[in-house]
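Working notes, structure below.
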Amino acid sequence: MRNKKTKNVKLGFILLVIFLFSAFIVYSIFFQNNFTTEDRKEVTIEIPKNASLNIIIEKLNENGELSTNWTFKLLSKLKKYNISIKSGNYRLSGSYKNNDLINILRQRNDHTFLLIIPENIRKSEEMFSQIEDSISFEKGSMISYINNSDFLSKHHLSLEEIPAIFIPNTYEFYSNVSVPQFFERMVSEYSEFWNSERIASCNSLGISQIEVATLASIIEEEQGRRIEERSMIAGLYLNRIKQKVKLQSDPTVIYANNDFSIRRVLYKHLEFDSPYNTYIYFGLPPGPICIPSINSIDAVLNAKTHNYIFMCAKGDGSGLHNFAITNREHINNRNRYKKNMNFN
């Protein structure tokens with residue numbers, strides 16, 4: 001009899017422990033504050049596209065403290081939030097229970113706007129100014145961020161190479177996007193653009209992705225009318241790079257002189273000392289001379305294989321060029337150009 005009572009007491013104690021433990025779990029999951037923003041101030045949690053629960057937990061801990069990751073994960077799965085994660089910027093401040101936090105994160109943030117990154121913008125200052133006007137950033141805030149943060153070193157970039165990470169397109173942004181978030185988004189889009197196929201093509205050329213964009217910018221300026229000729233021009237410049245022949249590209253000279261009203265490059269322009277002047281310096285300039293179009297980038301990646309190292313505009317109104325292997329052929333083409341221009 002006594003043994004039976006003892007067993008009942010033990011069983012009752014075990015059930016009580018299980019009940020209390022279950023109650024504690026339920027309380028921890030549903031009723032206890034589990035996330036507190038840094039210093040209880042307002043923060044913006046940016047959830048990227050295709051984010052996982054682990055990424056969201058990482059973002060939360062970057063901007064505050066998530067006391068127990070596992071309770072947030074468990075409730076997320078119970079509420080099926082893990083299969084319906086929405087990207088966006090979410091403003092949080094103070095402390096949150098898991099349930100309240102998940103309910104906020106499940107709401108779609110529809111305060112968005114579209115930003116067009118156009119091709120052909122030549123100077124970073126011009127590009128930054130246009131973006132600041134479009135997004136309502138404070139004037140000068142973008143170059144200030146670049147100069148006073150670790151952005152360049154973090155992404156192994158120089159200031160001259162910045163235009164290379166801007167892929168012309170229309171992008172959707174949340175209205176409260178910050179300057180750092182904007183730049184990180186551009187890096188993310190740049191990484192997405194450089195898929196395995198493009199990377200393989202780039203590697204086969206023996207130049208870097210930044211150099212592809214730089215060469216593409218030169219081709220963009222060289223051939224703005226007849227895009228079907230861009231891959232031919234790309235092959236020509238790649239031949240010059242391989243043969244260690246100066247590129248001698250007129251658009252780089254115009255960029256070096258910082259005078260885009262130049263219609264005909266003269267000897268005085270060729271003498272201007274700048275790392276962008278490919279009549280003086282071998283190889284590619286330090287960075288793009290404009291934001292190249294996707295078409296120009298792909299023209300480099302799919303450059304035509306040939307032996308040409310000279311080209312000269314036909315001057316017949318077609319917008320095309322004559323190509324040559326030898327200097328004698330090039331001189332003949334140049335004479336034809338002069339004759340056509342005089343004729344026209």
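Just so you know, all these numbers are worked out from the coordinates, no wet-lab data involved. Just so it is clear, the structure is predicted and the values come from calculations on it, not from any experiment. Because the Cβ atoms are built from the backbone with ideal geometry, glycine has one as well, and the counts that use them run over all protein chains shown.
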Full-extension gain in nm, L159 to K49, via 0.36 nm per residue minus C-alpha separation: 36.8 nm
Whole-Å semi-axes of the stretch 236-276's equivalent ellipsoid (Cα gyration tensor): 21, 10, 9
Spin-label pair E271/N103, simplified geometry with 7 Å Cα→Cβ offset, distance in nm: 7.6
Cα gyration tensor category, rounded, prolate or oblate, for the stretch 112-193 with a/c compared to 1.5: rounded
Burial order of peptide ranges 81-93, 281-293 (average beta-carbon count within 10 Å, highest first): 281-293, 81-93
Translational diffusion of the stretch 88-140, µm² s⁻¹ [Kirkwood Rh, Cα pairs; Stokes-Einstein; 37 °C; 0.692 mPa s]: 230
F193 paired with I325, simple spin-label distance in nm, labels 7 Å along Cα-to-beta-carbon: 3.6
Entries in K41/K80; K41/K97; K268/K339; K41/K73; K314/K339; K242/K338 that, when Cα-Cα distance is taken, lie over 19 Å: K41/K80; K268/K339; K41/K73; K242/K338
Cα shape, the stretch 32-106, gyration tensor, a/c 1.5 rule: oblate
Cβ charges +1 (Lys, Arg) and -1 (Asp, Glu), total dipole of the chain, debye: 1680
Between helix 196-205 and the chain: long-axis angle, C-alpha atoms, 0 to 90°, nearest 10: 40
The chain - mean residue ellipticity at 222 nm from DSSP helices (-39,500 (n - 2.57) per run, n ≥ 4, rounded to 500): -14500 deg cm²/dmol
Cβ crowding within 10 Å averaged over residues, with 189-202, 168-181 ranked highest first: 168-181, 189-202
Part-to-part distance (alpha-carbon centres) for the stretch 302-318 and the stretch 110-129, which is given in Å: 32
Amide H partners (placed H, <5 Å) of F310, local residues excluded: A324
Angle between the chain longest axis and helix 327-343 axis [Cα atoms, degrees, rounded to 10]: 80
Cβ-based exposure ranking for K59, K139, in which fewest neighbours within 10 Å come first: K139, K59
On Cα atoms only, tilt of 69-78 relative to the major axis of the chain in degrees: 90
